There are 2 protein chains.
Amino acid sequence: MSNIREVARLSGVSVATVSRTLKDPRLVSPQTRERVLKAVEETGYRPNLLARNFSSGKSYAVVVLVPNVANPFFSKVIRGIEQAAQDQGYSVLLGDTQGKPEREHFYAGMALTSQADGLIQLDCRYPFAEKDMALAASVPMVNACERIADDASYPVVELDNRGAASAVARHLVALGHRRMGVITGPATSPIVRDRLAGFCEVLRASNLELDESLLVNGEFTMSSGARGAETLLSANRPPSAIFCMNDEMAIGAIHQIKKKGLSVPGDISVVGFDNIEFASFMDPPLTTIDQPAEELGRRAMETLLQMIAGNPPEQKRAKLAFDLVIRESSGECRD
Amino acid sequence: MSNIREVARLSGVSVATVSRTLKDPRLVSPQTRERVLKAVEETGYRPNLLARNFSSGKSYAVVVLVPNVANPFFSKVIRGIEQAAQDQGYSVLLGDTQGKPEREHFYAGMALTSQADGLIQLDCRYPFAEKDMALAASVPMVNACERIADDASYPVVELDNRGAASAVARHLVALGHRRMGVITGPATSPIVRDRLAGFCEVLRASNLELDESLLVNGEFTMSSGARGAETLLSANRPPSAIFCMNDEMAIGAIHQIKKKGLSVPGDISVVGFDNIEFASFMDPPLTTIDQPAEELGRRAMETLLQMIAGNPPEQKRAKLAFDLVIRESSGECRD
DNA sequence: TCTTTCTCCGTTATCGTTATTATTTATTTT
DNA sequence: AAAATAAATAATAACGATAACGGAGAAAGA
């Protein structure tokens, strides 16, 4: 691989001139420029960005911590991140954490060794190891979709989760449902709490109450949705509608309900959350909350790039708008 | 951020000793080791990997070119890649190409500027720009899942696509189907050709023939699957079974078929390909070909790491085994 | 004509780490 | 105790690009 010295030698100028020619051609005379570019052409020279980054002390990369890339919602968020990153000459290091703290520590550590200039956390945990706390304080970090519990010092780009869940509740109440079940995500997640709060808020306002026994924890997977539905169906008095905190669980729930010989929404209405691509191709097509996944990612990345540039983020908490997409998995209560 | 010099100063040794202590502690005496480690602790020193990489001339990163991260099959492959990479201290740069050549060139270019030590291409195109051909020849590259058309010089880790499609055909023939439709992927893709070949092979052996009018191109998306099904349903004599070259298209096709008031598999059998998570939660659960997605990724990464290490790959063409998963979307032909 | 200003370009220090070579110190052997 | 050997550590030159600085020469102004 040829280096800048070789190009300099070949074109009879100094390395500085070659560097200038490539970084800002206006700084060199047209003749020199031409000679240098010709030499670049001949040698097939490509600047060694490892050296450039080292020299500038920046990696021009960010690491994205995601619990599971195979989750369609997260992968859409990542697309948004990637797009915004590329637009500004940044690249994305993928940190699939599988929800494991060790892996989070490992990937977050990349920002401490200059392998990444910042990080985006899609999970709700503080990603650094205890021992790295001190150093980590200076690492640009943005939370997207989720919120790090008990730490308000990092910018967050999230959905109006509370509002969205309220909209779901209002929708179901309007359809006449009075006894509702909820399949949540992990109880530790702030967004789960937000959504639950928004949902209950509306119920209370309608003089309804959420029966504690109709509140089951899921893990944002289809199989946990199926299990959750199973639990709800075998309750003393099963609900006439189930709010699932993501689409996968809703799909799992519907699968289980139909397996039991019941119909959706005939016997039970089901509402999801996220509006992943698959939602509209289900049978029945899923009523759900549309999250602007790519925009969430893009905004998070833009905020992060601002922080990396040394500017404090414009806003600490960006709340994006949701959209209730009413399809056919929710219908009038027939009880 | 503290550097190695500071640690050296604090512990009263040379920078070389600090470096040795961290790379191979056996090379320094226990007393010095202790002092150095104490200084590391105190300063919170973390070696600057940007500098280490620069010094060693390697980035310890690979770039993965994927047409679409949001595709569940690809994201599973990526998980495998990421896992194998992490196991060997490598990181994964995400190159979502959206199938666009410019983006492929951009990301492939990272391997020419030492930002990546190698690349994995999940699409069927030669990813480098024309002008980079010469330099690119020395870049370690592996093809996974797909195969670069007209270029046998790169190692490939793929499924036995031909065999898998044959298995699908045998399954459908065994169920009594004689008139079959196929929704393929883009015609340029070698795996599409392989699968078609395998499918037709069995048909011919059974004295059947694939009616050209029942062969439609899809784009591996649900909506293209729906369109494909629409086309097939409105044919003069519609097929009694449809083989879709991935699960998304199968899901789209089933959606469309049911929308028309027909039943799957009652009226039409549908078979997919990939066995993504969603397949088993569909209604009806999808008969499909299980691809060991994570293993494909893992094997591709392992091969790539071998090449990066300077060893020629053990095998140029790794063909992994498929598994025909028979669920309920395929049934006896009732014509 | 003599400054002054500006354009263009070369010299060189620098970034943080590692590898090589040289030197010191400790240990063993005679 | 001297010599030979081994172990531990230090000094320093890379790696490739950039940026700060300065010098040379041309153009512009006095």
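Got a sec? Which residues in region B:126-142 would a label at B:Thr188 touch, if it sits 7 Å along Cα→Cβ and we count backbone N under 13 Å? Under cut-off, by backbone N: B:126-128. Comparing Cα centroids, region A:87-144 and region A:265-284 end up 34 angstrom apart.
Under the simplified labelling scheme, the A:Gln306-A:Gln31 pair shows an inter-label distance of 4.9 nm, with each label point 7 Å from Cα along Cα→Cβ. Only aspartates and glutamates eight or more places from A:Lys316 in sequence, or on another chain, were considered; those with a Cα closer than 16 Å are A:Glu146, A:Asp150, A:Asp151, A:Glu158, A:Asp160, A:Glu302.
Which of the three applies to region B:190-242, rounded, prolate or oblate, going by the alpha-carbon gyration tensor with a ≥ b ≥ c and a/c under 1.5 meaning rounded? Write out the running numbers ahead of the final one.
On the way: a/c = 2.79, a/b = 1.25, b/c = 2.23.
Oblate is the answer for region B:190-242, as a/c is 1.5 or above yet b/c matches or exceeds a/b.
With respect to chain B, whose longest principal axis is taken over its alpha-carbon atoms, helix B:293-308 is tilted by about 40°. On the beta carbon distance between A:Ala137 and A:Glu42, with R0 = 45 Å, the FRET formula returns roughly 0.40. Straight Cα distances below 20 angstrom link A:Lys259 to the lysines B:Lys258, with same-chain residues fewer than 8 positions distant left out. Dipole size of the protein assembly as shown about its Cα centre, with +1 on Lys/Arg Cβ and -1 on Asp/Glu Cβ: approximately 1540 debye, rounded to the nearest 20. Of the residues B:Ser114, B:Phe74, B:Leu93, the one whose Cα sits farthest toward the positive end of the charge dipole of region B:41-193, with +1 on the Cβ of Lys and Arg and -1 on the Cβ of Asp and Glu, is B:Phe74. For region A:11-158, a crude dipole built from +1 on the beta carbon of Lys and Arg and -1 on the beta carbon of Asp and Glu, taken about the Cα centre, is about 760 debye to the nearest 20. Straight-line reach from A:Lys23: which lysines fall under 23 Å, measuring Cα to Cα and dropping same-chain residues less than 8 apart? Leaving aside lysines fewer than 8 places away in the same chain, those within reach of A:Lys23 are A:Lys38, A:Lys58, B:Lys131.
Rounded to the nearest 500, the 222 nm mean residue ellipticity of chain A from helices alone is -13000 deg cm²/dmol, with -39,500 (n - 2.57) taken per DSSP H run of at least 4 residues.
Based on the alpha-carbon gyration tensor of the protein assembly as shown and its eigenvalue square roots a ≥ b ≥ c, which shape applies: rounded if a/c is under 1.5, prolate if not and a/b is larger than b/c, or oblate? Oblate.
When region A:165-277 is described by a simple charge dipole with +1 on each Lys and Arg Cβ and -1 on each Asp and Glu Cβ, the residue from A:Leu210, A:Asn246, A:Thr221 located farthest towards its positive end is A:Leu210.
No lab work stands behind these numbers, since they all come straight from the coordinates. This structure is a prediction, so every number in the text was calculated from the model and none was measured. Positions of Cβ are backbone-derived with ideal geometry, glycine not excepted, and every protein chain shown enters the neighbour counts.
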